[in-house]
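*Asks:* If you scroll down you'll find the structure; I have some questions about it.
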Amino acid sequence: MVLKKMIFVAHVMLLLLVTITTTIQGCPDNCRCSTTPVVMDCTQADTTNLLTTIPTIPNAAVQVILDNNRISTINENDFQNTGESLVYLSMENNSITSIGQNAFGHVTNLLVLSLSRNSINRLDQNMFIGLNKTSVLNMDNNNIAGLECGTFAPMESLQYLRFAQNSLTSVASCTFMGLSRIVSLDLS
């Protein structure tokens, strides 16, 4: 019985070692990765194109931080190779001006999305498709002038919505329709 327990513990330790080694090997050179939980931090990695970084995100990544880079565009397929475990994505303080339709359609378990301190000036209706589990959206410090009907419709779990320090001049009366879980809304 003791031998079986020792063999089991040895197998578990070997499996953990293989998992940790695989995760660290999958980390891009200009990023820092931890293994418990799997976090990929590419802050100030001088990344300009998501496709050069995203294919190397470990499938088990729970949190991805791409802050303080020079990313200007998020395209539809930029996150197609990310794993289902990704729940936190931060792309703060980049140069993002454009987000493609269905850009986040492959990160369906995302709970927190932060795109603050960019140059986003427009949100399209199909931009947030797939984010029905997202509860926090931070769009502070962008150049967004207006919010249209249906923009947040796919985000049925949204609780915290931040739009502080934007250039909001118009908000359609139906913009937040269907968002019954909103706890905090900041349009200051």
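*Asks:* Counting each DSSP H run of 4 or more residues in the chain as -39500 (n - 2.57), what helix-only mean residue ellipticity at 222 nm follows after dividing by all residues, to the nearest 500 deg cm²/dmol? Walk me through the numbers before you get to the answer.
*Replies:* Details: 1 runs with 24 residues, N = 188.
Calculated from helices alone, the mean residue ellipticity at 222 nm is -4500 deg cm²/dmol.
*Asks:* On C-alpha positions alone, give me the angle between the axis of helix 2-25 and the longest principal axis of the chain, in degrees, nearest 10.
*Replies:* The two axes meet at around 40 degrees.
*Asks:* So for the chain, what percent of the C-alpha to C-alpha distances run longer than 27 Å?
*Replies:* Numbers: 5747 of 17578 pairs.
Taking all Cα-Cα pairs of the chain, the fraction more than 27 Å apart is 33 percent.
*Asks:* Please list 3J(HN,Hα) in residue order for segment 75-92, calculated via the Karplus relation 6.51 cos²θ - 1.76 cosθ + 1.60 where θ = phi - 60°; whole Hz, with x for glycine and proline.
*Replies:* Calculated HN-Hα couplings, in order: 9, 4, 9, 4, 10, 5, 9, 7, x, 6, 7, 5, 10, 9, 9, 10, 10, 6 Hz.
*Asks:* Also, I was wondering about something else. Count charges around N142 for me, please; just the other residues with Cβ under 10 Å from its Cβ, Lys/Arg as +1, Asp/Glu as -1. Each step should come with its number before you reach the end.
*Replies:* On the way: positive: R117, R122; negative: D140.
Once all neighbours under 10 Å are counted, the net charge is +1.
*Asks:* Once each part is reduced to its C-alpha centroid, what is the distance from segment 133-188 to segment 61-130 in angstrom?
*Replies:* What the calculation gives is 16 Å, centre to centre.
*Asks:* Then there's this: So for the chain, averaging the separation of alpha carbon pairs under 8 Å that are six or more residues apart and normalising by length, what relative contact order in percent results? Provide the component values of the computation, followed by the final result.
*Replies:* Working: 471 pairs, mean separation 23.4, N = 188.
Computed value for the chain: 12 percent relative contact order.
*Asks:* Sticking with this one: Roughly speaking, what is the stretch gain from N143 to S180, that is 0.36 nm per residue apart minus the C-alpha to C-alpha distance, in nm to one decimal?
*Replies:* Values: separation 37, 0.36 × 37 = 13.32 nm, distance 2.63 nm.
Length gained, N143 through S180: 10.7 nm.
*Asks:* Could you work out how far apart the two model spin labels at K133 and T35 are, taking each label as a point 7 Å from the Cα in the direction of the beta carbon, and quote it in nm?
*Replies:* About 2.5 nm separates the two model spin labels.
*Asks:* Can you list the GluC sites (Glu not before Pro) in segment 46-144 that are in a DSSP coil and have 12 or fewer other beta carbons within 10 angstrom? Numbers along the way, then the final one.
*Replies:* Values: sites: E76, E84, E92; in loops: E76, E84, E92.
Answer in residue order: E84.
*Asks:* Can you pull the one-decimal nm distance between simple spin-label points at A172 and D46, each 7 Å off the Cα toward Cβ?
*Replies:* 4.3
Quick note: the coordinates plus some simple rules give every number you see, no bench work behind them. Note that the structure is a prediction, hence the values are computed from the model and not measured. So basically every Cβ, Gly included, is an ideal-geometry build from the backbone, and we count neighbours across all protein chains shown.
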